[in-house]
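Input: a single structure, listed below in structure tokens.
Readers should treat all values here as calculations from the given coordinates under stated rules, not as data from a laboratory. Every value quoted in this text rests on a predicted model; they were computed, and no experiment measured them. Here the Cβ positions follow ideal geometry from the backbone for every residue, glycine too, while neighbour counts run over all protein chains shown.
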Amino acid sequence: MWLTDADPDATDAVTRQWRSDDLIAWLRSLTPRELRDVLRGLTEGQKAELVRRWYGFQNDGQRTPPGDWRIWLIQAGRGFGKTRAGAEWVSEVARDRPGARIALVAATIADGQRVMIEGPSGLLTVARSHETPRWVAGRRELLFDSGAVAMLYSAEAGEELRGPEHHAAWCDELAKWRRGTAAWDNLMLGMRLGERPRVLVTTTPRTNAAMRRVLAAPGMVPTYGRTGENPHLPESFVEAMLASYGGTRLGRQELGGEMLEDVEGALWSRALVEACRVDAASVGKPVRVVIGVDPPATSEGDACGIVVAALLRDGRLAVLEDASVEKASPGVWAQAVAAAAARRGADRVVAESNMGGEMVLGTLRQADCTLPVVPVHASVGKARRAEPVALAYERGQVVHAGVFGELEDQLCGFQVGGGYAGPGRSPDRADACVWALAELLRGMGTAGPGVQKL
């Protein structure tokens with residue numbers, strides 16, 4: 001059934017597509033910007049038509065995964081469409097399984113009713129035009145036309161899930177479940193109706209005990225998504241959020257849908273890194289600038305860590321730039337060092353020389369890097385020589401003048417007592433950062449262990 005109340009301002013192409021059986025395929029072929037433009041021009045009737053045509057129009061992260069899974073985790077940023085995906089999935093379960101028993105679990109009853117039941121993407125809203133689901137608030141039950149019944153539970157009262165059995169369940173915003181392990185465990189022990197009980201979890205990523213249960217559960221299939229992937233969101237909102245929070249821990253978690261966990265026993269925590277962040281424009285003209293370099297063993301392996309750090313006029317140290325380059329030949333990374341030095345007005349380069357001090361010095365000289373090059377040799381493990389620098393962070397002595405996601409991930413991988421548990425094979429960016437800050441600390445009379453000047 002195609003609509004006759006087409007937007008009079010729509011282009012002929014759009015109008016033809018609304019009358020074509022290939023509407024969904026056409027919409028899915030558009031770029032995000034083109035799709036937003038089309039959606040803004042739709043009439044209310046056309047938007048209602050798209051609601052009825054949900055299946056086939058979802059983005060990839062909202063589409064039910066194939067296979068014999070037990071738990072489907074949608075871990076995504078705010079505004080991605082997690083609630084809509086959950087409501088549509090539960091509605092489809094109710095249509096396909098007359099008489100099904102479905103659990104709806106939210107952080108609180110109020111959250112569940114406001115978001116999962118009555119919200120703009122909730123179960124009552126996504127019902128098709130011929131369906132009349134009925135919410136009985138006193139019994140916390142949603143009654144579907146098929147005879148299926150969805151019961152709303154609070155994760156704060158997990159013992160209520162001890163005993164009831166279900167065919168399917170939808171758990172929303174697990175990141176908000178303060179005492180959720182009892183609710184999760186009791187729910188899973190009751191998932192024993194029908195041949196293939198299934199649970200959908202929709203949440204922004206944040207580690208808690210219940211989330212760890214989900215991630216470790218057998219038969220769990222995850223899908224991921226970012227806020228900007230929802231074409232229905234105003235473009236101005238997405239741009240403003242990315243401008244304000246892009247690259248920060250909050251932005252990566254709440255917009256990018258990333259799970260950012262602290263490594264057990266790490267020298268740097270995510271909270272510590274966030275606490276030291278300042279606006280780049282606020283640092284002023286530095287007193288002194290140095291560049292730390294962690295050269296790769298080969299051009300086919302790790303990145304060359306290149307980090308610019310400075311001594312500020314108020315006595316603090318600042319990380320100004322991560323100029324690291326990936327899998328570069330010696331000539332390429334040496335040019336990157338020289339360019340960073342010229343750009344930032346550095347007075348020296350501090351370079352790890354374990355792979356050969358003369359090689360590092362010669363490579364930088366060939367790139368017309370005329371600054372003094374201080375080769376340093378690491379005599380102890382990476383984490384040990386990073387400890388004095390981490391202490392400077394804890395004292396509030398170091399700031400990050402901007403967002404340096406890859407570098408910060410590596411810093412948070414250094415563990416107390418030795419070892420590295422961060423991303424990648426080697427903390428090349430973090431090593432370069434440590435070299436640069438350690439040199440500045442030495443200039444202030446704070447020496448660190450395990451570093452020998454050559």
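Return a whole-number percent for the relative contact order of segment 127-218, with Cα pairs under 8 Å and 6 or more residues apart as the contact set.
Computed value for segment 127-218: 25 percent relative contact order.
What are the ³J(HN,Hα) values, in whole Hz, obtained from phi via the Karplus relation 6.51 cos²θ - 1.76 cosθ + 1.60 with θ = phi - 60°, for each residue of segment 163-170 in sequence order, with x given for Gly and Pro?
Once θ is set to phi - 60°, the couplings for segment 163-170 become x, x, 10, 9, 8, 8, 8, 10 Hz.
Could you check the spin-label model distance between V221 and M444? Points 7 Å from the Cα along Cα→Cβ, value in nm.
5.3 nm
Quick check: pseudo-label points 7 Å beyond the Cα along Cα→Cβ at V287 and A271, how many nm apart are they?
In this crude label model, V287 to A271 measures out at 3.1 nm.
Taking amide H positions as placed 1.01 Å from N in the peptide plane, with prolines and chain starts having none, which residues 5 or more places from T223, or on another chain, fall under 5 Å of its amide H?
Correct list: L73, I74, Q75.
Ordered by residue, what ³J(HN,Hα) values in Hz, to whole numbers, does segment 67-83 give under the Karplus form 6.51 cos²θ - 1.76 cosθ + 1.60, where θ = phi - 60° and Gly and Pro are x?
So the J values, rounded to whole Hz, are x, 9, 8, 9, 10, 10, 9, 9, 10, 8, x, 5, x, 5, x, 5, 5.
Could you go through segment 143-158 in sequence order and give the Karplus-derived ³J(HN,Hα) for each residue, using 6.51 cos²θ - 1.76 cosθ + 1.60 with θ = phi - 60°, rounded to whole Hz, and x for Gly and Pro?
9, 9, 4, 6, x, 5, 10, 10, 9, 8, 10, 9, 5, 6, 10, x
Please list 79-92, 312-325, 136-149 highest first by mean number of surrounding beta-carbon atoms within 10 Å per residue.
With the highest mean Cβ count within 10 Å placed first, the list reads 79-92, 312-325, 136-149.
Please give the peptides 126-133, 338-345 ranked by average Cβ packing (other Cβ atoms within 10 Å per residue), highest first, as a rough proxy for protection.
338-345, 126-133
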